[in-house]
Every structure is written in C-alpha cells, then in structure tokens.
Amino acid sequence: FPVTIGGGTNNSSAYSAGSVIFSDGTKLTEANDGLYWDNTNKRLGIGIAGSENTVTINASTYGSVLTAHAEGATDLQEFANHRHSNIAAFGPNLTFIRSRGTEASETVVSSGDVLGRILAVGFDGTDYERSARIQFEVDGSVAADAMPGRILLQTSATNTLTTAITID
C-alpha cells in the first residue's frame with residue numbers, strides 16, 4: 001500500500017527480512033547494515049546482523065560501544081541493572097567477557113590480559129582526567145575450567161594511574 005511522506009510515495013519493491021524501514025525524506029526505504037531486527041527471536045542488532053542477545057551493539061570502529069549522556073540537577077542513574085528474583089543468589093550482574101582472536105575464531109586469554117575495567121573520570125576545566133580504576137586481569141596459566149585472576153585497585157594524583165592494592 002502506498003504511503004505518502006513529504007510529497008513522495010513509498011518504495012514499491014519488496015523489503016528484505018530484518019531491515020528497518022525509515023523515511024529518507026521523500027520515500028520509505030530500508031537498511032539492515034546498521035540496524036537489523038530479528039522478528040523470530042525478537043532481537044535487535046546495531047551494527048551487526050545476528051545476535052544471541054536481546055540487543056547487540058557492534059562498534060569496532062567507535063571509541064565507545066555504548067554511551068549514555070544525562071544532564072540536569074537530579075541524581076538519576078545513567079545505567080541501572082535491575083533484577084527481580086526471590087532467590088537470594090540471583091542479583092544483578094555486570095559481566096566482562098574477553099577472548100583473544102575474533103568473534104568467529106576465539107582463542108584463549110593469557111596471563112596479564114585485562115578482562116575488564118571500571119574507570120572513574122572527572123572534568124578538570126579543560127578535559128576529562130582519570131581518577132581511579134578497578135581492573136580485572138588474568139593472573140597465571142589458563143586451562144580448561146581454570147581462569148586465575150587478580151583485581152587491581154588503582155588511583156591517580158596526576159592522571160597517571162598507579163596500583164594501590166592488588167587482590168590475588
């Protein structure tokens with residue numbers, strides 16, 4: 001059925017499965033290279049066509065995979081991980097997942113590899129500077145069902161992070 005948008009009429013050809021339909025200002029068009037909807041599994045891919053997750057963002061060419069900005073005088077969370085469960089051990093998780101290699105050909109991580117970081121940064125009037133970081137690393141030989149790890153608590157007086165405490 002034709003839909004009029006800004007004086008134009010929609011594209012009369014069939015759309016590809018998974019494409020997100022949008023207006024280019026004169027007609028309806030599609031794209032599945034940036035956004036991809038899997039209607040069977042109800043999953044959205046951003047920058048990636050297939051996913052095991054509800055929403056997957058692939059941003060190998062960007063500095064940040066996901067950024068949330070908020071302004072105002074209220075103390076609202078920019079990120080909330082909210083879980084409902086009557087089971088005491090089922091709280092929310094923040095999970096860092098790391099391998100070497102590629103998504104198509106994963107390889108084992110090595111001792112010293114960083115598995116994840118939580119970084120605190122503040123604005124100094126000119127730019128943003130690092131203040132503190134919690135870093136998770138592999139700490140030893142990796143084997144089947146064995147992932148030795150350590151946690152580094154790092155602080156900074158002059159934008160150079162130094163390890164204050166290491167937990168093995």
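Where a number appears in this text, it was derived from the coordinates with a stated rule and is not lab data. Source: prediction; values computed, not measured. Cβ: placed from backbone, ideal geometry, glycine included. Neighbour counts: every protein chain shown.
Compute the signed sum of charges (Lys and Arg +1, Asp and Glu -1) over the other residues within less than 9 Å, Cβ to Cβ, of Asp139.
Values: positive: Arg150; negative: Glu137, Asp168.
Here the charged neighbours net out to -1.
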ask   = Based on the Cβ-Cβ distance of Val108 and Thr163, what FRET efficiency does E = 1/(1 + (r/R0)^6) give at R0 = 35 Å, to the nearest 0.05?
value = 0.90
